[in-house]
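> For reference, the structure I am asking about is given below.
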Amino acid sequence: MKRLTVMVLALAVVAGSAFATPLVGRSGATLKPFQLLGWLNAGWVRSEKGYNWDSLAYIALPTASKMSAASAELTASIGLPGKLELTAVAPLLMKQGNTQSSTGLGDVIVYARYGILQSPLLPVKLAALLGVKLPTSSKDAIPALGRASTDIGLGLSALTMSLGKVAVHARAGYWLNGKINDTTKIGNQMEYLLVGDYAVSKCFTPELALSGLMSGQRLVNGTAVPKTQSGIHNVGLLLMFKPLPMLVVRPKVSMPLEFLCQGASVSGPAVGLDVWATLP
């Protein structure tokens, strides 16, 4: 059997990343001054296949190498004057391997957003983002709940005006990743999210999403390590319910587009649930 090379980096990110990480999780619209947002983003995913660089194809992982991850991202945001917004995200994680498991806080993300275009008279709303991911996870957790690095994220989110019942979200982000020790640096990452909304009614909006996370090669002592890059792309279905004007509930499911993916590991179906509320 040909040698199997697997990067577990994809599972080191929270389960919700099958849909989007917090860097590109929000639309192009920003909060009003002193408006508050609370968000729970829960998810579950299990690795099923690893990438074989010799055959350039995915093959089933042995049971001992599979890992499942459950997450509950807790997000709090506040709108500020001047079209600014501040957000903190605390991911609570539980990972289960064949013989080892870990539970606890992952790497906290703090970011600011600025509404470049926010007028309802314009065809698109646009927001720019600057954030930092902090190494707040336990260094003793096995499997790891995060990385021992400080990463800087840049993002851009756009939301089109409704064209009849349809609206489109386009979001992109770039992570400038730091070192995980004195010699090793994780490759920088680019991510994207494209979402189409179809408003069936004021209370129900199905969404179809395409998302991806692409990682560059790992560097050791400044030298790129071959076959450590990856690109994972997913398609997802989200069902957005709005039982109250300030409350949204959104179950979701996602699958990797294996024919577009390379490196890392891919999962079976990833399931999740978003619940968020705004005040006032």
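> Just order 116-122, 131-137 by mean Cβ neighbour count inside 10 Å, highest at the front, would you?
131-137, 116-122
> Here's a follow-up. With the crude spin-label approximation of a point 7 Å out along Cα→Cβ, what separation in nm comes out for residue 223 versus residue 208?
4.8
> Give the accessible surface of the range 121-184 per residue, rounded to a whole number of Å², with probe radius 1.4 Å and ligands, DNA and RNA excluded.
53
> With charges set only on the Cβ (+1 for Lys and Arg, -1 for Asp and Glu), what does the dipole of the chain come to about its Cα centre, in debye to the nearest 20?
100
> Assign unit charges at the C-beta atoms only (+1 for Lys and Arg, -1 for Asp and Glu), then state the dipole size of the range 178-280 relative to its Cα centre in Debye, rounded to the nearest 20.
Dipole size: approximately 140 debye.
> Continuing with this model, one more query. Compute the separation of the alpha-carbon centres of the range 42-104 and the range 172-202 and state it in Å as a whole number.
Cα centres, the range 42-104 to the range 172-202: 13 Å.
> In addition: At a 1.4 Å probe radius, carbon and sulfur cover how many percent of the accessible area of the chain?
69
> Let me ask something else about it. Run the 1.4 Å probe and let me know the accessible area of residue 48, rounded to the nearest 10 Å².
Residue 48 exposes around 60 Å² with every protein chain in place.
> Further, regarding this structure: If you project the alpha carbons of the chain onto their three principal axes, what span does each projection cover, largest first, in Å?
59, 38, 31
> Per residue of the chain, what 222 nm ellipticity follows from adding -39500 (n - 2.57) for every DSSP H run with n ≥ 4, rounded to the nearest 500?
Value at 222 nm, helices only: 0 deg cm²/dmol.
> Using per-residue counts of other Cβ atoms within 10 Å, averaged over each peptide, order 206-215, 179-188 from highest down.
Details: 206-215: 18.9, 179-188: 14.3.
Peptide ranking by packing, descending: 206-215, 179-188.
> Still on this structure, please answer the following. Lys and Arg at +1, Asp and Glu at -1: add these up for the other residues within a Cβ distance under 12 Å of residue 85 and post the number.
Numbers: positive: 26, 32, 83, 113; negative: none.
Neighbourhood net charge equals +4.
> Just how large is the dipole of the range 90-181 about the Cα centre, in debye to the nearest 20, putting +1 at every Lys and Arg Cβ and -1 at every Asp and Glu Cβ?
160
> For the range 190-249, what is the per residue volume of the convex hull drawn over the alpha-carbon atoms, in cubic angstrom?
Value for the range 190-249: 97 Å³ per residue.
> Now for a separate question. May I ask for the net charge around residue 252, where only other residues with Cβ less than 12 Å from the Cβ of residue 252 are counted and Lys, Arg are +1 while Asp, Glu are -1?
-1
The values are calculated or read from the model by the stated rules, or taken from the named source; none is laboratory data. Keep in mind that this is a model prediction, so the values were computed, not measured. Counting neighbours? That spans all protein chains shown, and the Cβs are built from the backbone with ideal geometry, glycine included. We work out accessible area using only protein heavy atoms, side chains counted, and drop any ligands, DNA or RNA first. Shrake-Rupley method; radii C 1.70, N 1.55, O 1.52, S 1.80 Å.
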